[in-house]
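Peer 1: Before anything else, here's the structure in question.
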Amino acid sequence: LGDGAAKAALLTDIEGMSRIVAQLLEIAELDMLVLDPGETADLRAVCAEVIGSIAPLALAQHKDIALRGTDAAVNIRGNSEMLQRAIFNLAENAIKYTADETSADVEVRDDGSVRVRDCGPGIPSAEQGLIFERFWRGDRRRTDGAGLGLSIVRGVVDDHAATVAVENLPDGGAQFTLSFRLAGRASVPAS
């Protein structure tokens with residue numbers, strides 16, 4: 001094909017299809033996942049790994065992503081790999097929707113929660129209950145996703161007996177809060 005527009009379009013389509021296939025595989029894995037009730041994960045370490053892997057994407061789009069909150073380990077009940085997938089999806093969305101030359105951030109709190117914030121347009125309140133449904137997209141004209149990322153987040157949250165909340169921030173943007181059970185505790189902290 002050479003280095004023309006046709007090759008660039010084809011590579012973009014292949015990248016998009018690869019992402020959709022990977023997300024479908026994640027959903028299938030979540031459907032089969034049985035968590036070990038004694039398994040624990042360091043939420044701070046999981047978030048640090050996500051930030052490290054997604055920072056190049058943010059920088060390539062003239063955006064920034066920061067890790068905030070506690071520097072100490074936050075041990076929660078859960079599977080590190082599944083937690084990483086959920087937080088990666090939230091961080092990826094935050095980067096996608098945040099304005100150029102601004103920052104998204106991931107804040108780890110010592111109560112077992114993590115907040116992912118962006119500087120984007122926010123989420124219309126009528127859509128906040130729908131965004132976690134498989135294949136749901138607010139703007140059907142967009143071709144950069146299949147509407148699976150937030151359903152993966154919901155699956156991970158459900159499998160971990162955790163909670164997820166979404167809200168629009170007063171100064172603009174959206175914030176997603178995931179609240180997990182701290183290791184050694186029986187209940188989920190309030191968000």
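Peer 1: Of all residues being assigned to a helix (DSSP H, G or I) and touching a helix residue (DSSP H, G or I) at 6+ places or on another chain (Cβ under 7 Å) in segment 7-41, which is modelled with the highest pLDDT? Just the residue, please.
Peer 2: Among those that are assigned to a helix (DSSP H, G or I) and touching a helix residue (DSSP H, G or I) at 6+ places or on another chain (Cβ under 7 Å), it is Glu26.
Peer 1: When you go through (1) modelled with pLDDT under 90; (2) within 17 Å of Gly172 (Cα to Cα); (3) surrounded by 14 or more Cβ atoms within 10 Å (Cβ to Cβ) one by one for Glu101, which number turns out not to apply?
Peer 2: Here Glu101 clears every test but (3).
Peer 1: For the subset of segment 67-85 comprising residues that are over 14 Å from the mean Cα position of the chain (by Cα) and part of a strand (DSSP E or B), which member is modelled with the lowest pLDDT?
Peer 2: Residue satisfying both the conditions and the ranking: Arg77.
Peer 1: Does segment 128-146 contain at least one residue that is farther than 27 Å from Glu15 by Cβ, at pLDDT 90 or above and not in a strand (DSSP E or B)?
Peer 2: no
Peer 1: What number of residues within segment 86-127 are in a helix (DSSP H, G or I) and of a type in the set (Lys, Arg)?
Peer 2: 1
Peer 1: Does at least one position in segment 162-179 carry a residue that is under 22 Å from Gly78 (Cβ atoms) and modelled with pLDDT under 90?
Peer 2: Within segment 162-179 (the criterion being under 22 Å from Gly78 (Cβ atoms) and modelled with pLDDT under 90), the answer is no, since none of the residues qualifies.
Peer 1: Next up: Name the residue, out of Ser151, Ser125, Ser187, that is surrounded by fewer than 19 Cβ atoms within 10 Å (Cβ to Cβ), closer than 22 Å to Leu43 by Cβ, of a type in the set (S, T, N, Q) and at pLDDT below 85.
Peer 2: Only one candidate passes the filter, namely Ser187.
Peer 1: With Ile95, Ile76, Ile65 as the choices, which residue is within 21 Å of Gly184 (Cβ to Cβ) and surrounded by 14 or more Cβ atoms within 10 Å (Cβ to Cβ)?
Peer 2: Checking each option against the conditions leaves just Ile76.
The values are calculated or read from the model by the stated rules, or taken from the named source; none is laboratory data. Fair warning: this is a prediction, and the values are worked out from it, not measured in the lab. Neighbour counts are summed over all protein chains in view; Cβ atoms, including those assigned to glycine, are modelled from backbone coordinates with ideal geometry.
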